[in-house]
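Structure, as structure tokens:
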Amino acid sequence: MTLKEKIKKRISIKENANKVLRSTLKLTDGIKKIDKESMGALLSYSKFEKRVERDLELYVLGEKVLVLDNELPIYNTDVADVVVRKSPILKEMVKIGNIIKILWDSNVVFSKGKKSVEYIRDECLSGIVISGTEEELNDIKYEAIVSLESSDFDEIINTLKFYSELLGYEKLTKPYFAKESTIFGEKDDDSAGPFIIYNSIKNEIWFYDEKIEKINKEKVKELQLIASGLKRSVCNGRDVFEELNKLSVKKI
């Protein structure tokens, strides 16, 4: 796999996991409905193998069995045991031992819901070692410059996602958000920075190499002025990709 393919795969894993995690927070008609399409896409990157038993869609890896339903349980047991617990037939339901299994599963549940999604996501990511060459990075840089010069918004955003994944940046929201721009940056609980800022209306890009505490309203305002194109940053245009390459080469 090329460096670009590895990073694209990592981005897809995280994006699908985030979609599922968001769905765990929502209720539809009073019922929690997991985004099963995104969960299926996430599982396709994992080592879990799909199996269908009765009306259950299962994913199996060794002694771990995930049931693709709205609870997303992962069990530490075998498939036969999970089938009895989750989709018993009548003759199974009348046995005392099985009744206990159906009503009480805490002894075999490894995780549910959010924790299951995070476990699968982390299992997928652990199998992708980020490695590549400086030549590969330069190819990506030149493609990014062409995208900027041709105002190809989608490709520019994809490139910024690529660099952000390499550098450990994330897409930022309030208080660093500016509606005209997409902003990526390194972030912790109290501060963020450095920043990559792309204004799609003006088709301008900046790299702002500062760390800003979210309570520093003056610096946050300065960042937003840059993002709005009302104030210049020292590093802008194609120089941004030169700077991102210099930072990224240390990560491969």
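Among the residues of segment 222-241 satisfying the criterion of being over 20 Å from Glu186 (Cβ atoms) and of a type in the set (D, E, K, R), which is nearest to the chain's Cα centre (by Cα)?
Looking only at segment 222-241, we keep the residues that are over 20 Å from Glu186 (Cβ atoms), and these are 225, 228-232, 237-238.
With the extra rule that they be of a type in the set (D, E, K, R), the set shrinks to 231-232, 238.
Details: Lys231: 32, Arg232: 31, Arg238: 27 Å.
Top of the filtered list is Arg238.
Please tell me if Glu49 is of a type outside the set (A, V, I, L, M), under 19 Å from Lys86 (Cβ atoms) and more than 14 Å from the chain's Cα centre (by Cα).
Numbers: of a type outside the set (A, V, I, L, M): yes; under 19 Å from Lys86 (Cβ atoms): yes; more than 14 Å from the chain's Cα centre (by Cα): yes.
Judged against the criteria, Glu49 is a match.
Report yes if Phe162 is part of a helix (DSSP H, G or I), within 14 Å of Ser248 (Cβ to Cβ) and of a type in the set (A, V, I, L, M, F, W, C), otherwise no. Break it down stepwise before answering.
Numbers: part of a helix (DSSP H, G or I): yes; within 14 Å of Ser248 (Cβ to Cβ): yes; of a type in the set (A, V, I, L, M, F, W, C): yes.
Yes.
Considering only segment 91-103, I want to know if a residue exists there that is assigned to a loop (DSSP other than H, G, I, E, B) and either in contact with a strand residue (DSSP E or B) (Cβ under 6 Å, 6 or more places away or on another chain) or within 30 Å of Ile252 (Cα to Cα) (or both).
Our first condition is that a residue be assigned to a loop (DSSP other than H, G, I, E, B); within segment 91-103, this holds for 94-95.
Adding the requirement that they be either in contact with a strand residue (DSSP E or B) (Cβ under 6 Å, 6 or more places away or on another chain) or within 30 Å of Ile252 (Cα to Cα) (or both) leaves none.
Looking through segment 91-103, none of the residues is assigned to a loop (DSSP other than H, G, I, E, B) and either in contact with a strand residue (DSSP E or B) (Cβ under 6 Å, 6 or more places away or on another chain) or within 30 Å of Ile252 (Cα to Cα) (or both).
Only one of Leu58, Leu66, Leu72, Leu42 is at pLDDT 95 or above and assigned to a loop (DSSP other than H, G, I, E, B). Can you tell me which?
Details: Leu58 fails: assigned to a loop (DSSP other than H, G, I, E, B); Leu66 fails: assigned to a loop (DSSP other than H, G, I, E, B); Leu42 fails: assigned to a loop (DSSP other than H, G, I, E, B).
Every option except Leu72 fails the conditions.
Conditions (1) in the same structural domain as Glu165 (by TED's automatic domain parsing); (2) surrounded by fewer than 18 Cβ atoms within 10 Å (Cβ to Cβ); (3) at pLDDT 95 or above; (4) of a type in the set (Val, Ile, Thr), marked per residue:
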residue: Lys95; (1), (2), (3), (4): no, yes, no, no
residue: Phe110; (1), (2), (3), (4): no, yes, yes, no
residue: Lys115; (1), (2), (3), (4): no, yes, yes, no
residue: Arg121; (1), (2), (3), (4): no, no, yes, no
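For segment 214-224, enumerate the residues that are surrounded by 14 or more Cβ atoms within 10 Å (Cβ to Cβ) and not aliphatic (A, V, I, L, M). Walk me through how you get there before you give the answer.
Looking only at segment 214-224, we keep the residues that are surrounded by 14 or more Cβ atoms within 10 Å (Cβ to Cβ), and these are 214, 216, 219-220, 222-224.
Matches in segment 214-224: Lys214, Asn216, Lys219, Glu222, Gln224.
Every residue in segment 75-103 that is free of Cβ contacts under 8 Å to residues at least 12 places away in the same chain and under 28 Å from Ser46 (Cβ atoms), please.
Ala80
Might you let me know whether segment 140-148 holds any residue that is exposed (fewer than 15 other Cβ atoms within 10 Å of the Cβ), out of contact with any strand residue (DSSP E or B) (no Cβ under 9 Å at 6 or more places or on another chain) and at pLDDT 95 or above?
Step one: of segment 140-148, the residues exposed (fewer than 15 other Cβ atoms within 10 Å of the Cβ) are 142, 146.
Adding the requirement that they be out of contact with any strand residue (DSSP E or B) (no Cβ under 9 Å at 6 or more places or on another chain) leaves 142, 146.
Subsequent filtering for residues that are at pLDDT 95 or above retains 142, 146.
Checked segment 140-148: at least one residue is exposed (fewer than 15 other Cβ atoms within 10 Å of the Cβ), out of contact with any strand residue (DSSP E or B) (no Cβ under 9 Å at 6 or more places or on another chain) and at pLDDT 95 or above.
Could you go through segment 130-138 and let me know if any residue there is of a type in the set (Val, Ile, Thr), in contact with a helix residue (DSSP H, G or I) (Cβ under 8 Å, 6 or more places away or on another chain), surrounded by fewer than 18 Cβ atoms within 10 Å (Cβ to Cβ) and not in a helix (DSSP H, G or I).
From segment 130-138, those of a type in the set (Val, Ile, Thr) are 130, 133; that's our starting set.
If we keep only those that are in contact with a helix residue (DSSP H, G or I) (Cβ under 8 Å, 6 or more places away or on another chain) too, we end up with 130, 133.
Still in the running and surrounded by fewer than 18 Cβ atoms within 10 Å (Cβ to Cβ): 130, 133.
Next, from what is left, pick out any that are not in a helix (DSSP H, G or I): 130, 133.
Yes, there is a match, as at least one residue in segment 130-138 is of a type in the set (Val, Ile, Thr), in contact with a helix residue (DSSP H, G or I) (Cβ under 8 Å, 6 or more places away or on another chain), surrounded by fewer than 18 Cβ atoms within 10 Å (Cβ to Cβ) and not in a helix (DSSP H, G or I).
The values are calculated or read from the model by the stated rules, or taken from the named source; none is laboratory data. What you see is a predicted model; the values in this text were computed from it and never measured. Note that we place each Cβ from the backbone using ideal geometry, even for glycine, and neighbour counts take in every protein chain shown.
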